[in-house]
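Presented below is the structure to which this report refers.
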Amino acid sequence: MDKQLLGGLSAAEFLRDYWQKQPLLVRNAVPGFSGLLEPAALQALACEDEVQARLIRQTQSGWVLEHGPFKQSSFKPKAKLPWTLLVQELNHHLPSARDLLQQFDFIPYARLDDLMVSYAVPGGGVGAHFDSYDVFLLQGSGQRRWQISAQTDLTLVDGAPLKILQNFVPEQEWVLNPGDLLYLPPCYAHNGVAVDACTTYSIGFRAPSVQEIATQFLVYMQDKLDLPGMYQDADLNWQAHPAEISDAMLDQIAGMIARVTWQRADIADFLGRYLTEPKPHLFFDPPEPPLTQSVFTRRAQKQGVALAPQSLLLWQGATFYLNGEALAAMPDTTIMQQLADKRRLAGAPITAALIATLYPLYLDGYIVLDLADA
Ligand code: SIN
Ligand code: CO
(Lines give C-alpha, C1' and ligand atoms only; values in the text may rest on other atoms or scores of the structure.)
(Ligands and ions follow the chains in the order given, each with its own letter.)
Protein backbone atom coordinates (compact mmCIF):
# COMPACT_ATOMS: atom_id res chain seq x y z
CA MET A 1 0.00 0.00 0.00
CA ASP A 2 1.19 3.53 -0.82
CA LYS A 3 1.51 5.37 2.52
CA GLN A 4 0.07 8.52 0.94
CA LEU A 5 -3.33 6.78 0.78
CA LEU A 6 -3.56 7.01 4.57
CA GLY A 7 -1.82 10.36 4.93
CA GLY A 8 1.57 8.84 5.81
CA LEU A 9 0.18 6.19 8.16
CA SER A 10 1.08 2.57 7.66
CA ALA A 11 -1.82 0.11 7.42
CA ALA A 12 -0.98 -1.12 10.94
CA GLU A 13 -1.07 2.44 12.35
CA PHE A 14 -4.35 3.18 10.61
CA LEU A 15 -5.90 -0.03 11.96
CA ARG A 16 -4.65 0.70 15.47
CA ASP A 17 -5.73 4.34 15.69
CA TYR A 18 -8.65 4.88 13.27
CA TRP A 19 -10.33 1.71 11.96
CA GLN A 20 -13.73 1.41 13.67
CA LYS A 21 -12.63 4.14 16.10
CA GLN A 22 -12.57 7.61 14.57
CA PRO A 23 -12.78 9.41 11.22
CA LEU A 24 -9.68 10.23 9.20
CA LEU A 25 -9.42 12.92 6.53
CA VAL A 26 -6.56 12.52 4.06
CA ARG A 27 -5.88 15.34 1.64
CA ASN A 28 -4.55 14.20 -1.73
CA ALA A 29 -4.70 10.52 -0.76
CA VAL A 30 -4.77 9.42 -4.40
CA PRO A 31 -2.75 12.05 -6.31
CA GLY A 32 -4.12 12.89 -9.72
CA PHE A 33 -7.38 11.01 -9.09
CA SER A 34 -10.41 12.67 -10.63
CA GLY A 35 -12.78 9.75 -11.00
CA LEU A 36 -12.94 6.64 -13.14
CA LEU A 37 -15.59 7.58 -15.64
CA GLU A 38 -17.35 10.60 -17.04
CA PRO A 39 -20.90 11.45 -15.89
CA ALA A 40 -22.28 10.47 -19.31
CA ALA A 41 -20.67 7.03 -19.08
CA LEU A 42 -21.97 6.61 -15.53
CA GLN A 43 -25.49 7.52 -16.62
CA ALA A 44 -25.24 5.05 -19.49
CA LEU A 45 -24.20 2.35 -17.02
CA ALA A 46 -27.22 3.15 -14.83
CA CYS A 47 -29.44 2.40 -17.85
CA GLU A 48 -28.19 -1.20 -18.10
CA ASP A 49 -30.32 -4.06 -16.80
CA GLU A 50 -27.74 -5.79 -14.62
CA VAL A 51 -26.51 -2.62 -12.92
CA GLN A 52 -27.73 -1.70 -9.43
CA ALA A 53 -28.53 2.00 -9.58
CA ARG A 54 -30.60 4.45 -7.56
CA LEU A 55 -31.66 7.99 -8.26
CA ILE A 56 -32.37 10.29 -5.32
CA ARG A 57 -34.16 13.54 -5.88
CA GLN A 58 -34.86 16.34 -3.43
CA THR A 59 -38.29 17.69 -4.26
CA GLN A 60 -40.40 20.34 -2.55
CA SER A 61 -42.43 17.58 -0.91
CA GLY A 62 -39.41 15.59 0.30
CA TRP A 63 -36.97 12.91 -0.82
CA VAL A 64 -37.83 10.70 -3.79
CA LEU A 65 -36.02 7.41 -4.40
CA GLU A 66 -36.14 5.53 -7.70
CA HIS A 67 -34.42 2.28 -8.63
CA GLY A 68 -32.79 1.53 -11.99
CA PRO A 69 -32.44 0.51 -14.70
CA PHE A 70 -33.07 4.08 -15.88
CA LYS A 71 -33.68 5.78 -19.19
CA GLN A 72 -31.47 8.63 -20.37
CA SER A 73 -34.44 10.96 -19.88
CA SER A 74 -34.36 10.21 -16.10
CA PHE A 75 -31.31 12.46 -15.80
CA LYS A 76 -32.85 15.56 -17.39
CA PRO A 77 -33.00 18.44 -14.90
CA LYS A 78 -36.42 18.73 -13.27
CA ALA A 79 -37.07 22.34 -12.28
CA LYS A 80 -33.42 22.67 -11.15
CA LEU A 81 -34.05 20.39 -8.15
CA PRO A 82 -30.89 18.68 -6.85
CA TRP A 83 -30.44 14.99 -7.55
CA THR A 84 -27.87 12.23 -7.08
CA LEU A 85 -27.28 9.07 -9.04
CA LEU A 86 -25.76 6.12 -7.12
CA VAL A 87 -24.28 3.14 -8.91
CA GLN A 88 -23.36 0.10 -6.83
CA GLU A 89 -20.70 -2.55 -7.57
CA LEU A 90 -18.70 -0.44 -9.99
CA ASN A 91 -15.92 -3.02 -9.55
CA HIS A 92 -18.09 -5.56 -11.39
CA HIS A 93 -18.31 -3.34 -14.43
CA LEU A 94 -15.00 -1.51 -14.67
CA PRO A 95 -11.42 -2.90 -14.55
CA SER A 96 -10.13 0.47 -13.28
CA ALA A 97 -12.58 0.19 -10.35
CA ARG A 98 -11.10 -3.21 -9.47
CA ASP A 99 -7.62 -1.67 -9.47
CA LEU A 100 -8.80 1.12 -7.19
CA LEU A 101 -10.39 -1.38 -4.79
CA GLN A 102 -7.12 -3.33 -4.71
CA GLN A 103 -5.47 -0.31 -3.03
CA PHE A 104 -7.66 -1.00 -0.01
CA ASP A 105 -6.50 -4.59 0.39
CA PHE A 106 -5.03 -3.74 3.79
CA ILE A 107 -8.56 -4.57 5.01
CA PRO A 108 -9.50 -8.29 4.68
CA TYR A 109 -11.72 -9.17 1.71
CA ALA A 110 -14.04 -10.91 4.17
CA ARG A 111 -15.10 -7.40 5.20
CA LEU A 112 -15.28 -5.86 1.74
CA ASP A 113 -18.61 -5.03 0.19
CA ASP A 114 -18.17 -3.04 -2.99
CA LEU A 115 -17.20 0.17 -4.70
CA MET A 116 -20.11 2.54 -5.16
CA VAL A 117 -20.01 5.77 -7.09
CA SER A 118 -22.29 8.76 -6.81
CA TYR A 119 -22.77 11.60 -9.23
CA ALA A 120 -24.52 14.68 -7.90
CA VAL A 121 -25.54 17.97 -9.47
CA PRO A 122 -24.72 21.11 -7.41
CA GLY A 123 -26.55 20.93 -4.06
CA GLY A 124 -27.23 17.20 -4.51
CA GLY A 125 -26.75 14.61 -1.78
CA VAL A 126 -28.48 11.74 -0.04
CA GLY A 127 -29.20 13.64 3.16
CA ALA A 128 -27.71 13.39 6.66
CA HIS A 129 -27.54 9.72 7.64
CA PHE A 130 -25.35 6.99 9.08
CA ASP A 131 -24.29 3.67 7.59
CA SER A 132 -23.74 0.36 9.35
CA TYR A 133 -20.66 0.07 7.15
CA ASP A 134 -17.10 1.29 7.44
CA VAL A 135 -16.60 3.53 4.45
CA PHE A 136 -13.78 5.33 2.66
CA LEU A 137 -15.21 8.27 0.69
CA LEU A 138 -12.85 9.19 -2.12
CA GLN A 139 -13.59 12.38 -4.01
CA GLY A 140 -13.55 12.02 -7.80
CA SER A 141 -14.32 15.03 -9.98
CA GLY A 142 -15.62 18.27 -8.50
CA GLN A 143 -16.02 19.21 -4.86
CA ARG A 144 -18.24 17.91 -2.07
CA ARG A 145 -18.76 19.41 1.39
CA TRP A 146 -18.83 16.73 4.09
CA GLN A 147 -20.23 17.44 7.52
CA ILE A 148 -19.81 14.75 10.16
CA SER A 149 -20.88 14.17 13.75
CA ALA A 150 -20.14 11.66 16.53
CA GLN A 151 -23.71 12.21 17.80
CA THR A 152 -25.43 9.28 19.43
CA ASP A 153 -28.94 10.44 18.52
CA LEU A 154 -29.50 8.34 15.42
CA THR A 155 -33.27 8.80 15.25
CA LEU A 156 -34.49 8.66 11.66
CA VAL A 157 -37.15 10.71 9.90
CA ASP A 158 -40.34 8.66 9.86
CA GLY A 159 -41.72 7.52 6.55
CA ALA A 160 -38.86 8.82 4.37
CA PRO A 161 -37.87 6.50 1.50
CA LEU A 162 -34.25 6.65 2.65
CA LYS A 163 -32.51 6.84 6.01
CA ILE A 164 -32.42 10.52 7.00
CA LEU A 165 -31.39 11.67 10.48
CA GLN A 166 -34.03 13.69 12.29
CA ASN A 167 -31.56 15.79 14.29
CA PHE A 168 -28.22 16.12 12.55
CA VAL A 169 -25.79 18.40 14.44
CA PRO A 170 -22.56 18.70 12.42
CA GLU A 171 -19.35 18.89 14.47
CA GLN A 172 -16.73 19.06 11.70
CA GLU A 173 -16.82 19.94 8.04
CA TRP A 174 -14.50 19.96 5.07
CA VAL A 175 -14.76 20.53 1.33
CA LEU A 176 -13.16 17.53 -0.39
CA ASN A 177 -11.25 18.03 -3.63
CA PRO A 178 -10.42 15.38 -6.23
CA GLY A 179 -8.21 12.69 -4.66
CA ASP A 180 -9.12 13.58 -1.03
CA LEU A 181 -10.28 10.71 1.17
CA LEU A 182 -12.51 10.59 4.26
CA TYR A 183 -12.74 7.41 6.35
CA LEU A 184 -15.81 7.01 8.56
CA PRO A 185 -16.41 4.24 11.10
CA PRO A 186 -19.87 2.61 11.22
CA CYS A 187 -22.77 4.62 12.64
CA TYR A 188 -20.93 7.94 12.27
CA ALA A 189 -23.43 10.59 11.18
CA HIS A 190 -22.51 12.32 7.91
CA ASN A 191 -23.91 14.53 5.19
CA GLY A 192 -22.27 15.12 1.83
CA VAL A 193 -23.51 17.95 -0.38
CA ALA A 194 -22.13 18.55 -3.86
CA VAL A 195 -20.54 22.00 -4.14
CA ASP A 196 -20.42 21.69 -7.92
CA ALA A 197 -21.31 18.70 -10.10
CA CYS A 198 -19.18 15.98 -8.55
CA THR A 199 -18.50 12.29 -8.19
CA THR A 200 -17.68 10.44 -4.96
CA TYR A 201 -16.37 6.88 -4.76
CA SER A 202 -17.40 4.89 -1.65
CA ILE A 203 -15.30 1.88 -0.72
CA GLY A 204 -17.63 0.09 1.69
CA PHE A 205 -16.91 -2.65 4.23
CA ARG A 206 -19.77 -4.68 5.55
CA ALA A 207 -20.13 -5.61 9.20
CA PRO A 208 -22.83 -8.26 9.66
CA SER A 209 -25.10 -7.99 12.68
CA VAL A 210 -25.20 -10.73 15.32
CA GLN A 211 -28.83 -11.34 14.39
CA GLU A 212 -27.95 -11.84 10.72
CA ILE A 213 -25.05 -14.22 11.46
CA ALA A 214 -27.09 -16.25 13.96
CA THR A 215 -30.10 -16.51 11.65
CA GLN A 216 -27.98 -17.54 8.66
CA PHE A 217 -26.04 -20.05 10.77
CA LEU A 218 -29.29 -21.70 11.85
CA VAL A 219 -30.34 -21.92 8.19
CA TYR A 220 -26.98 -23.56 7.42
CA MET A 221 -27.30 -26.00 10.35
CA GLN A 222 -30.76 -27.04 9.19
CA ASP A 223 -29.18 -28.84 6.23
CA LYS A 224 -26.37 -30.35 8.31
CA LEU A 225 -28.51 -31.95 11.03
CA ASP A 226 -28.85 -35.71 11.08
CA LEU A 227 -30.39 -36.73 14.40
CA PRO A 228 -31.81 -40.25 14.67
CA GLY A 229 -34.65 -41.25 16.99
CA MET A 230 -38.12 -39.96 17.73
CA TYR A 231 -40.30 -38.93 20.62
CA GLN A 232 -41.21 -41.93 22.81
CA ASP A 233 -43.54 -42.20 25.77
CA ALA A 234 -43.90 -45.85 26.67
CA ASP A 235 -44.00 -44.51 30.25
CA LEU A 236 -46.92 -42.14 29.56
CA ASN A 237 -49.01 -41.45 32.68
CA TRP A 238 -52.72 -40.65 32.53
CA GLN A 239 -53.25 -36.91 32.94
CA ALA A 240 -56.38 -35.23 34.27
CA HIS A 241 -56.14 -32.41 31.67
CA PRO A 242 -55.59 -33.81 28.19
CA ALA A 243 -54.95 -30.25 26.90
CA GLU A 244 -51.98 -29.70 29.17
CA ILE A 245 -48.43 -30.05 27.76
CA SER A 246 -46.79 -32.12 30.50
CA ASP A 247 -43.43 -31.42 32.12
CA ALA A 248 -42.36 -34.93 31.08
CA MET A 249 -42.95 -34.03 27.43
CA LEU A 250 -41.16 -30.72 27.83
CA ASP A 251 -38.16 -32.48 29.42
CA GLN A 252 -37.89 -34.98 26.59
CA ILE A 253 -38.15 -32.30 23.89
CA ALA A 254 -35.54 -30.17 25.69
CA GLY A 255 -33.22 -33.20 25.57
CA MET A 256 -33.83 -33.54 21.82
CA ILE A 257 -33.02 -29.89 21.20
CA ALA A 258 -29.89 -30.15 23.34
CA ARG A 259 -28.62 -32.67 20.78
CA VAL A 260 -28.35 -29.84 18.23
CA THR A 261 -24.65 -29.06 18.61
CA TRP A 262 -21.88 -27.82 16.34
CA GLN A 263 -18.12 -27.66 16.20
CA ARG A 264 -15.77 -24.86 15.23
CA ALA A 265 -15.33 -26.64 11.87
CA ASP A 266 -19.09 -26.18 11.20
CA ILE A 267 -18.76 -22.47 11.94
CA ALA A 268 -15.71 -22.18 9.66
CA ASP A 269 -17.56 -23.96 6.85
CA PHE A 270 -20.64 -21.79 7.36
CA LEU A 271 -18.54 -18.62 7.38
CA GLY A 272 -16.64 -19.47 4.19
CA ARG A 273 -19.87 -20.15 2.36
CA TYR A 274 -21.76 -17.19 3.85
CA LEU A 275 -19.02 -14.65 3.10
CA THR A 276 -18.60 -15.77 -0.51
CA GLU A 277 -22.28 -16.28 -1.30
CA PRO A 278 -23.08 -14.13 -4.34
CA LYS A 279 -25.79 -11.53 -3.74
CA PRO A 280 -29.13 -12.73 -5.11
CA HIS A 281 -29.17 -10.32 -8.08
CA LEU A 282 -25.78 -11.52 -9.35
CA PHE A 283 -25.28 -14.05 -12.08
CA PHE A 284 -22.24 -15.44 -13.82
CA ASP A 285 -21.57 -15.60 -17.53
CA PRO A 286 -20.31 -19.06 -18.53
CA PRO A 287 -18.13 -18.80 -21.67
CA GLU A 288 -20.22 -19.27 -24.80
CA PRO A 289 -18.92 -21.37 -26.50
CA PRO A 290 -16.30 -22.58 -24.00
CA LEU A 291 -12.71 -23.30 -25.04
CA THR A 292 -11.68 -26.94 -24.93
CA GLN A 293 -9.55 -27.89 -21.95
CA SER A 294 -6.37 -28.02 -24.03
CA VAL A 295 -6.93 -24.61 -25.62
CA PHE A 296 -7.88 -23.19 -22.20
CA THR A 297 -4.66 -24.65 -20.74
CA ARG A 298 -2.48 -23.10 -23.42
CA ARG A 299 -4.09 -19.71 -23.08
CA ALA A 300 -4.11 -19.80 -19.27
CA GLN A 301 -0.39 -20.55 -19.28
CA LYS A 302 0.22 -17.64 -21.62
CA GLN A 303 -2.26 -15.03 -20.35
CA GLY A 304 -2.84 -16.11 -16.76
CA VAL A 305 -6.30 -16.35 -15.22
CA ALA A 306 -8.34 -13.98 -13.08
CA LEU A 307 -11.40 -14.24 -10.89
CA ALA A 308 -14.54 -13.09 -12.67
CA PRO A 309 -15.37 -9.61 -11.32
CA GLN A 310 -18.38 -10.94 -9.36
CA SER A 311 -16.47 -13.90 -7.90
CA LEU A 312 -15.55 -14.09 -4.23
CA LEU A 313 -12.72 -16.43 -3.22
CA LEU A 314 -11.68 -16.71 0.44
CA TRP A 315 -10.06 -19.41 2.49
CA GLN A 316 -10.11 -20.69 6.04
CA GLY A 317 -7.51 -23.22 7.15
CA ALA A 318 -6.96 -25.53 4.20
CA THR A 319 -10.37 -24.97 2.59
CA PHE A 320 -11.11 -22.52 -0.21
CA TYR A 321 -14.59 -21.10 -0.67
CA LEU A 322 -15.68 -19.74 -4.02
CA ASN A 323 -19.08 -18.15 -4.58
CA GLY A 324 -20.77 -19.94 -1.71
CA GLU A 325 -19.24 -23.37 -2.27
CA ALA A 326 -16.28 -25.20 -0.72
CA LEU A 327 -13.75 -26.27 -3.34
CA ALA A 328 -12.43 -29.82 -3.33
CA ALA A 329 -8.89 -30.33 -2.02
CA MET A 330 -6.43 -28.03 -3.78
CA PRO A 331 -3.37 -29.33 -5.63
CA ASP A 332 -1.37 -26.20 -4.85
CA THR A 333 -2.48 -24.10 -1.92
CA THR A 334 0.10 -21.34 -2.42
CA ILE A 335 -1.06 -20.66 -5.96
CA MET A 336 -4.71 -20.67 -4.94
CA GLN A 337 -3.88 -18.23 -2.15
CA GLN A 338 -2.24 -15.99 -4.74
CA LEU A 339 -5.38 -16.15 -6.90
CA ALA A 340 -7.50 -15.26 -3.86
CA ASP A 341 -5.27 -12.39 -2.65
CA LYS A 342 -4.45 -10.79 -5.99
CA ARG A 343 -7.63 -11.95 -7.77
CA ARG A 344 -5.40 -13.08 -10.64
CA LEU A 345 -2.60 -15.47 -11.45
CA ALA A 346 0.01 -13.90 -13.66
CA GLY A 347 3.31 -15.56 -14.28
CA ALA A 348 2.52 -18.41 -11.87
CA PRO A 349 3.20 -21.95 -13.12
CA ILE A 350 -0.17 -23.30 -14.21
CA THR A 351 0.26 -27.04 -13.88
CA ALA A 352 -1.97 -29.80 -15.23
CA ALA A 353 -3.17 -30.48 -11.66
CA LEU A 354 -4.17 -26.83 -11.26
CA ILE A 355 -5.96 -26.87 -14.61
CA ALA A 356 -8.06 -29.80 -13.35
CA THR A 357 -9.33 -27.41 -10.66
CA LEU A 358 -9.52 -24.25 -12.76
CA TYR A 359 -11.15 -25.57 -15.92
CA PRO A 360 -14.52 -26.48 -14.31
CA LEU A 361 -14.52 -23.04 -12.63
CA TYR A 362 -13.91 -21.45 -16.03
CA LEU A 363 -16.89 -23.40 -17.44
CA ASP A 364 -19.06 -21.98 -14.59
CA GLY A 365 -17.96 -18.42 -15.44
CA TYR A 366 -16.27 -18.10 -12.00
CA ILE A 367 -12.83 -17.49 -13.46
CA VAL A 368 -11.77 -16.00 -16.77
CA LEU A 369 -8.65 -15.79 -18.90
CA ASP A 370 -6.76 -12.68 -17.85
CA LEU A 371 -7.39 -10.44 -20.80
CA ALA A 372 -5.21 -7.72 -19.30
CA ASP A 373 -2.22 -9.73 -20.50
CA ALA A 374 -3.73 -10.83 -23.80
C1 SIN B 1 -22.78 9.80 -1.72
O2 SIN B 1 -21.76 9.49 -2.33
O3 SIN B 1 -23.52 10.70 -2.09
C4 SIN B 1 -23.21 9.10 -0.48
C5 SIN B 1 -22.17 8.28 0.13
C6 SIN B 1 -22.46 8.09 1.61
O7 SIN B 1 -22.90 8.98 2.28
O8 SIN B 1 -22.21 7.00 2.16
CO1 CO C 1 -23.20 7.24 3.92
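Does the stretch 179-188 include one or more residues that are open to solvent by 10 Å² or more (accessible area, probe 1.4 Å), touching a residue at least 60 places away in the same chain (Cβ under 8 Å), near ligand 1 (Cβ under 9 Å from one of its atoms) and part of a strand (DSSP E or B)? No. Leu314: touching a helix residue (DSSP H, G or I) at 6+ places or on another chain (Cβ under 6 Å) and crowded, with 17+ Cβ neighbours inside 10 Å, yes or no? Here the answer is yes, as Leu314 does meet what is asked.
Of the residues making up the stretch 213-230, those that are open to solvent by 80 Å² or more (accessible area, probe 1.4 Å) and part of a helix (DSSP H, G or I) are Leu218, Gln222, Asp223, Lys224. Taken over the stretch 288-311, the criterion of being of a type in the set (S, T, N, Q), out of contact with any helix residue (DSSP H, G or I) (no Cβ under 6 Å at 6 or more places or on another chain) and either without any contact (Cβ under 8 Å) to a residue 40 or more places away in the chain or open to solvent by less than 30 Å² (accessible area, probe 1.4 Å) (or both) is satisfied by Thr292, Ser294, Ser311. For the stretch 25-70, filtered to residues that are free of Cβ contacts under 8 Å to residues at least 60 places away in the same chain and acidic (Asp, Glu), the residue that is farthest from Arg145 (Cα to Cα) is Asp49. When the stretch 120-129 is examined, which residues are found to be more than 8 Å from ligand 1 (Cβ to nearest atom), farther than 18 Å from Ala79 by Cα and surrounded by fewer than 21 Cβ atoms within 10 Å (Cβ to Cβ)? Listed by number, the list holds a single entry, Gly127.
Tell me yes or no: at least one residue of the stretch 97-119 is in contact with a Leu (Cβ under 6 Å, 6 or more places away or on another chain), open to solvent by less than 10 Å² (accessible area, probe 1.4 Å), away from ligand 2 (no atom under 16 Å from the Cβ) and not acidic (Asp, Glu). Looking for residues that are in contact with a Leu (Cβ under 6 Å, 6 or more places away or on another chain), open to solvent by less than 10 Å² (accessible area, probe 1.4 Å), away from ligand 2 (no atom under 16 Å from the Cβ) and not acidic (Asp, Glu), one finds at least one in the stretch 97-119, hence yes. So, in the stretch 194-210, of the ones that are part of a loop (DSSP other than H, G, I, E, B) and small (Gly, Ala, Ser), which residue ends up surrounded by the fewest Cβ atoms within 10 Å (Cβ to Cβ)? Filtering first and then ranking leaves Ser209. Residues in the stretch 151-169 that are in contact (Cβ under 8 Å) with a residue 40 or more places away in the chain and open to solvent by 20 Å² or more (accessible area, probe 1.4 Å) were compared, and the one that is nearest to Leu6 (Cα to Cα) is Phe168.
Might you let me know whether the stretch 256-271 holds any residue that is in contact (Cβ under 8 Å) with a residue 12 or more places away in the chain, among the basic types (Lys, Arg) and outside the structural domain of Leu90 (by TED's automatic domain parsing)? Checked the stretch 256-271: at least one residue is in contact (Cβ under 8 Å) with a residue 12 or more places away in the chain, among the basic types (Lys, Arg) and outside the structural domain of Leu90 (by TED's automatic domain parsing). Considering only residues in the stretch 79-94 that are open to solvent by 10 Å² or more (accessible area, probe 1.4 Å) and among the polar types (S, T, N, Q), the one that is farthest from ligand 1 (Cβ to nearest atom) turns out to be Asn91.
Among the residues of this structure, Asn191 counts as one that is surrounded by 19 or more Cβ atoms within 10 Å (Cβ to Cβ) and at pLDDT 95 or above. Sort through Ala160, Ala110 and tell me the only one that's part of a helix (DSSP H, G or I) and away from ligand 1 (no atom under 14 Å from the Cβ). Selected residue: Ala110, the only one of Ala160, Ala110 that is part of a helix (DSSP H, G or I) and away from ligand 1 (no atom under 14 Å from the Cβ). Of all residues in the stretch 42-70, which are of a type in the set (A, V, I, L, M) and exposed (fewer than 12 other Cβ atoms within 10 Å of the Cβ)? Across the stretch 42-70, there are no qualifying residues.
Only one of the listed residues (Leu9, Leu5) is at pLDDT 95 or above, surrounded by 14 or more Cβ atoms within 10 Å (Cβ to Cβ) and part of a helix (DSSP H, G or I). That residue is Leu5.
When the criteria are applied in full, Val175 meets the requirement of being in a strand (DSSP E or B), away from ligand 2 (no atom under 16 Å from the Cβ), without any contact (Cβ under 8 Å) to a residue 60 or more places away in the chain and assigned by TED's automatic domain parsing to the domain that holds Leu9.
The values are calculated or read from the model by the stated rules, or taken from the named source; none is laboratory data. Small disclaimer: the values here were computed from a predicted structure and weren't measured. So basically every Cβ, Gly included, is an ideal-geometry build from the backbone, and we count neighbours across all protein chains shown. When the accessible area is computed, the model is the full protein with side chains, heavy atoms only, and any ligands, DNA or RNA have been set aside. Shrake-Rupley method; radii C 1.70, N 1.55, O 1.52, S 1.80 Å.
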